[in-house]
1. Which of the three applies to the range 98-142, rounded, prolate or oblate, going by the alpha-carbon gyration tensor with a ≥ b ≥ c and a/c under 1.5 meaning rounded?
2. Just the Kirkwood number for the range 2-65, please: inverse of mean 1/r across all distinct Cα pairs, in Å, one decimal.
3. If I build a Gaussian network model for the chain, linking alpha-carbon pairs within less than 10 angstrom, which residue out of Lys115, Lys154, Lys98 has the largest mean-square fluctuation?
4. Which value, to two decimals, describes the C-alpha radius of gyration of the chain once divided by 2.2 N^0.38 Å?
5. Go ahead and estimate [θ] at 222 nm for the chain from helices alone: -39,500 (n - 2.57) per DSSP H run with n ≥ 4, summed, over the residue count, rounded to 500.
6. May I ask you to give the percent of accessible area on the chain that is carbon plus sulfur, with a probe radius of 1.4 Å?
7. Choose one answer from Ala31, Ala160, Ala142: the residue with the largest mean-square fluctuation in a GNM of the chain with alpha-carbon springs under 10 Å.
8. Sort Tyr146, Tyr28, Tyr95 from largest to smallest accessible area, using a 1.4 Å probe on the heavy atoms of the protein chains.
Amino acid sequence: MNINIKSFFYGLTFSLLLAVISQYLSLYFGALFFGLEKSPISPILVALLLGILLGNQFDIQTRSSSGLQFCMKQVLRFGIILMGIRLSLVEIINYGLKSLTVVVPCIIITIIVAKIISDRFGLNSRVSSLIAVGTSICGASAIVAYAPTISAKKNEVVFAVANITLFGTLDATWAKIL
């Protein structure tokens, strides 16, 4: 495996800085505009917007490709696994196996409904599957975890994550306003 150390370091540093800045901006704007303790603005949405803005202004991919690939493939997957383990174990311990009789049908119904709606809007099957999984399970992390299994393209993953994040943000904002 031929890894350029400089590219790896740049990508890792860029990803870390983007994550920290996105988290800070999410909290800052949530508190500033809404006066809330917990921001309704998702750090994922902020990271997407910053990534799009910076990616179009600077040639980040060429300079830091191996580090970005490492973060997308290894760090992100590891984080999703840790998040899933924490949620699964905690929920099962707190609520018991009875909760599965409610959770599993809800997930299945949500996937079916989201898939039907996505198909009605003319989205291709990979994008509609990504949106369905993101809607029913846990948002962006489910999309990123599921994308490799259906060979989704980067633009399809970004589109699905942006939609889930945007509608999640609007939902959270609307709920707090009411």
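The values are calculated or read from the model by the stated rules, or taken from the named source; none is laboratory data. Every value quoted in this text rests on a predicted model; they were computed, and no experiment measured them. Note: areas computed on protein heavy atoms with side chains; ligands, DNA, RNA excluded. Shrake-Rupley method; radii C 1.70, N 1.55, O 1.52, S 1.80 Å.
1. oblate
2. About 12.8 Å, per the Kirkwood formula over Cα pairs.
3. Highest fluctuation among the options: Lys98.
4. Numbers: Rg = 17.8 Å, N = 178, 2.2 N^0.38 = 15.8 Å.
Against the empirical 2.2 N^0.38 Å value, I get 1.13 for the chain.
5. -26500 deg cm²/dmol
6. Within the chain, the accessible surface is 71 percent carbon and sulfur.
7. Largest GNM mean-square fluctuation: Ala31.
8. On the way: Tyr146 70, Tyr28 105, Tyr95 140 Å².
Per-residue accessible area, sorted high to low, gives Tyr95, Tyr28, Tyr146.
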